[in-house]
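Data block below; observations after.
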Amino acid sequence: MNTKQKMKMKKLSITLMMGLICGITYGQENNFKQYLANNQENIDLEGTDSWKILKQDAEKNQLIILGESHGAQNAQLIDFNLLKYLNKTVGTKKYIAELDYAQAEKINDYLKTGNEKPFKEVFKFLVSIHAQWGNQDFYNKIVKIRSLNQTLTKDKKIKFIGIDVVQDHSGYLKFIQKLTKNQKNPLLDSLNLMINKSYDPANVDEISSFAKNYSKKINQNKTAFKTMLKSEFSLFKYLITNLSYGDKSVGVNRPEGIYQNFTQLSNILNFGNQKMYGMWGFFHAHLVPFKYIGGDFVSKLSDSENPIAKKITSIICLPIDSKYNVWDSKTNEWKAMPFSYDDKSLFLVDGIEDLKELSTPYSTTLFKLNSKDSPFLKSGRLLNGTAPRGKLVADFKNSDYGNQYIILMRNSDWLNPLPKDF
């Protein structure tokens, strides 16, 4: 065989190999798409007859987490519709919120009494720090939850549990003071001095440092504090501990703090086997950590010894052709920006084209990834992706799935900002 013939044979071999690889790749791609076509459901955000393919996991598991990248209006509609479904079908009444404990209690006061003053204080704070949570759609959702509660029996009414680290320090300190009922006791003197100081956001480090030292005081005088606070002691101790996480020397960052807070409150409030649900930010809600980013609330919980660890269902919203709200510090205004997870300038999710082809514009579609013989088992598809900072890759160290469900959210408008003087 001469050199020319050898070159032809080499080219033919390469062509055949590439064809084989392309054939295998196409087959795998088609396998994913065919599976998704058989495991999808259109969600009617205004209706009451959706979430059928979620039913088995909702019945089996204890905590359902909805993860979304804040800013799209339809996520608030999805949240309410799903909460209503879970409350009706499996009795979910604990809403695990991305709020601190005191903020959640203000919302609970409104849900119970209709008193808007403390409820509005939560949103006034969120507006003041330009948080995306401070929007009209979130506000309206809480109003709808109150209306729903008024139709429910006492044992079904929804209650918020705030497990985030401290957000509104001023409101948090006032809640602690309310818990202690302004008792005149030397053990509380230094705490009351701190609470009664004129609050300044610049003093957060001072407050956190105080809480770290005061936690030691509580531990050293546990019997005396228990005698004084009685049944409120455990919650009081938790509140001070959580307040201390702002001190860097404590060594607890926000993801770890949220996880620790959930763990502590599950004992204090006796979650037991109660059904729970909540909507959280994107990375908080995955069952697995992402390499180079690390673990977050749900991935830490699913990798723990907590009895709930293997009873978690994660649902992740992926927006395309949508908008979200971004604070523009130059104009001092909110502005609507494109929001689409099929674009690496924001986040290009691997395999999202399959979801687009299986859905229609302006639709909300739920895809179940964990049915029998699912090709998504430890695949990373619809989980990994490319962002401006580089590749995001899930680490399947403790779970077969990064999340068991995807919601493709198409053509959502942005969240309506509340007025700056709210």
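I need the full set of residues from the range 181-202 which are of a type in the set (A, V, I, L, M, F, W, C) and either modelled with pLDDT under 95 or in contact with an Asp or Glu (Cβ under 6 Å, 6 or more places away or on another chain) (or both), in order please. Listed by number, the residues that qualify are LEU193, MET194, ILE195, ALA202. Selection of first residues in the range 101-128 that are within 16 Å of PHE175 (Cβ to Cβ) and free of Cβ contacts under 8 Å to residues at least 24 places away in the same chain and of second residues that are of a type outside the set (A, V, I, L, M) and not in a helix (DSSP H, G or I), restricted to Cβ pairs under 8 Å at least 6 apart or on distinct chains, gives the following pairs, ordered by first then second residue: ASP109/ASN115. Name every residue in the range 233-292 that is hydrophobic (A, V, I, L, M, F, W, C), part of a loop (DSSP other than H, G, I, E, B) and under 25 Å from GLY71 (Cβ atoms), in order of residue number. Answer for the range 233-292, where residues must be hydrophobic (A, V, I, L, M, F, W, C), part of a loop (DSSP other than H, G, I, E, B) and under 25 Å from GLY71 (Cβ atoms): PHE282, LEU287, VAL288.
You will find that of GLY294, GLY251, GLY272, the residue that is among the small types (Gly, Ala, Ser), free of Cβ contacts under 8 Å to residues at least 12 places away in the same chain, touching a helix residue (DSSP H, G or I) at 6+ places or on another chain (Cβ under 9 Å) and on the phi > 0 side of the Ramachandran plot is GLY272 and no other. Does SER147 satisfy being at pLDDT 95 or above, within 17 Å of PHE119 (Cα to Cα), part of a helix (DSSP H, G or I) and of a type in the set (Gly, Ala, Ser)? In short, yes.
Taking into account only those residues within the range 197-225 that are small (Gly, Ala, Ser) and under 29 Å from the mean Cα position of the chain (by Cα), which is farthest from SER170 (Cα to Cα)? First the steps, then the outcome.
As a first pass, look at the range 197-225 and keep what is small (Gly, Ala, Ser): 198, 202, 208-209, 211, 215, 224.
Narrowing further to those that are under 29 Å from the mean Cα position of the chain (by Cα): 202, 208-209, 211, 215.
Working: ALA202: 12, SER208: 12, SER209: 15, ALA211: 14, SER215: 19 Å.
The qualifying residue farthest from SER170 (Cα to Cα) is SER215.
Can we say ALA224 is free of Cβ contacts under 8 Å to residues at least 40 places away in the same chain, aliphatic (A, V, I, L, M) and either buried (at least 17 other Cβ atoms within 10 Å of the Cβ) or in contact with a His (Cβ under 7 Å, 6 or more places away or on another chain) (or both)? In short, no. Among the residues of the range 285-312, write down those that are surrounded by 23 or more Cβ atoms within 10 Å (Cβ to Cβ) and either closer than 22 Å to GLY351 by Cα or not small (Gly, Ala, Ser) (or both). Across the range 285-312, the qualifying residues are ALA285, HIS286, LEU287, VAL288, PRO289, ASP296, PHE297, VAL298, ILE312.
Listed residues SER231, SER208; which is exposed (fewer than 11 other Cβ atoms within 10 Å of the Cβ) and either touching a residue at least 24 places away in the same chain (Cβ under 8 Å) or among the polar types (S, T, N, Q) (or both)?
Values: SER208 fails: exposed (fewer than 11 other Cβ atoms within 10 Å of the Cβ).
The match here is SER231.
Out of everything in the range 353-390 that is modelled with pLDDT under 95 and not in a loop (DSSP other than H, G, I, E, B), what residue ends up being surrounded by the fewest Cβ atoms within 10 Å (Cβ to Cβ)? Residue satisfying both the conditions and the ranking: GLY390.
The values are calculated or read from the model by the stated rules, or taken from the named source; none is laboratory data. Not measured: the values here are computed from a predicted model. Using ideal geometry, Cβ is built from the backbone for each residue, glycine included, and neighbour counts are taken over all protein chains shown.
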